Amino acid sequence: MLASDVASAHRYYYHRYPRYRSGYSYGYSYGYATASVAPVISPVSWYIGLGGMGVNVMSQEGGPEPLENGGGATLFLGVRLSRMFGLEVSWLGSFHNPTQDKWLGDGEDFITLEGFTADARLHFAGCANLAGCLDPYLTGGVGLYALGSDRLGLDSVGAGFQVGGGFDYWISQSFTIGVRARYHGIAMGPPDAQEADVFLHTASVDGNIAFHF
């Protein structure tokens, strides 16, 4: 096939099939025009995880009794919108101030601190789904918190914020282990109160695992 024939075929495909103008590339094999499409991989992925958590009460203002350090667990669900940015919602619960309960039967009664949080995550390595990669990040957001007795129910509710950071290590494309540390600033009061009467400054550290899909 002559060069003029190849050029004519090129013009024919270009004008006859306009979709070849965007998102396609041209190539020639034995004188015939061909089109190829590069695969497109969506960066969006979801994950779910859980972890064990330790809570340090840095300071407290107000409240009927000082809150001692404690421990508990966290559950979280997130979406990775890109390799660098993600969103996450989580529940965290910790147990504090164990006392022997003489009125409600045998066993200990705990003060419980719970939080429902929503956070943004900024990843630095950008290595989502890459086995063997260490993926550090910063996180921050807001939350709803509650303080109460393990057996007697809710005492205080309020709002707070949390900031921190951590890292995930990718064991495989669908499994990570990680460590995270966060500061929590919390203002709470009785459910029917007009203003908060307890201010907590706490720090939490959790080790976690997550499944990505």
Next item on the list: From T112, T176, T117, grab the single residue that is surrounded by 15 or more Cβ atoms within 10 Å (Cβ to Cβ), out of contact with any Asp or Glu (no Cβ under 7 Å at 6 or more places or on another chain) and among the hydroxyl-bearing types (S, T, Y).
Entry: T117
Notebook entry, point to check: Of all residues in the stretch 179-213, which are surrounded by 17 or more Cβ atoms within 10 Å (Cβ to Cβ) and among the polar types (S, T, N, Q)?
Noted result: T202, S204, N208
Item checked: Residues being closer than 23 Å to A120 by Cα and of a type in the set (D, E) - total across the stretch 167-213 -> 2
Note to self: Tell me whether the stretch 126-136 contains one or more residues that are closer than 15 Å to G185 by Cβ, assigned by TED's automatic domain parsing to the domain that holds M53 and in contact with an Asp or Glu (Cβ under 7 Å, 6 or more places away or on another chain).
What the structure shows: no
Note to self: Exactly one condition in (1) outside any strand (DSSP E or B); (2) within 21 Å of G70 (Cβ to Cβ) is false for E195; which is it?
What the structure shows: (2)
Next item on the list: Mind listing just one residue for me: the one in the stretch 142-163 that is surrounded by fewer than 18 Cβ atoms within 10 Å (Cβ to Cβ) and under 20 Å from the mean Cα position of the chain (by Cα) and, of those, nearest to G207 (Cα to Cα)?
Entry: V163
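For (1) without any contact (Cβ under 8 Å) to a residue 60 or more places away in the chain; (2) among the small types (G, A, S); (3) in contact with a Cys (Cβ under 8 Å, 6 or more places away or on another chain); (4) at positive phi, each residue gets a yes or a no:
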{"residue": "F110", "(1), (2), (3), (4)": "yes, no, no, no"}
{"residue": "D119", "(1), (2), (3), (4)": "yes, no, no, no"}
{"residue": "F124", "(1), (2), (3), (4)": "yes, no, no, no"}
{"residue": "C127", "(1), (2), (3), (4)": "yes, no, yes, no"}
{"residue": "C133", "(1), (2), (3), (4)": "yes, no, yes, no"}
{"residue": "G143", "(1), (2), (3), (4)": "yes, yes, no, no"}
{"residue": "L154", "(1), (2), (3), (4)": "yes, no, no, no"}
{"residue": "S172", "(1), (2), (3), (4)": "yes, yes, no, no"}
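The values are calculated or read from the model by the stated rules, or taken from the named source; none is laboratory data. Fair warning: this is a prediction, and the values are worked out from it, not measured in the lab. Reconstructed Cβ throughout: ideal geometry from the backbone, glycine too, with neighbour counts over all protein chains shown.
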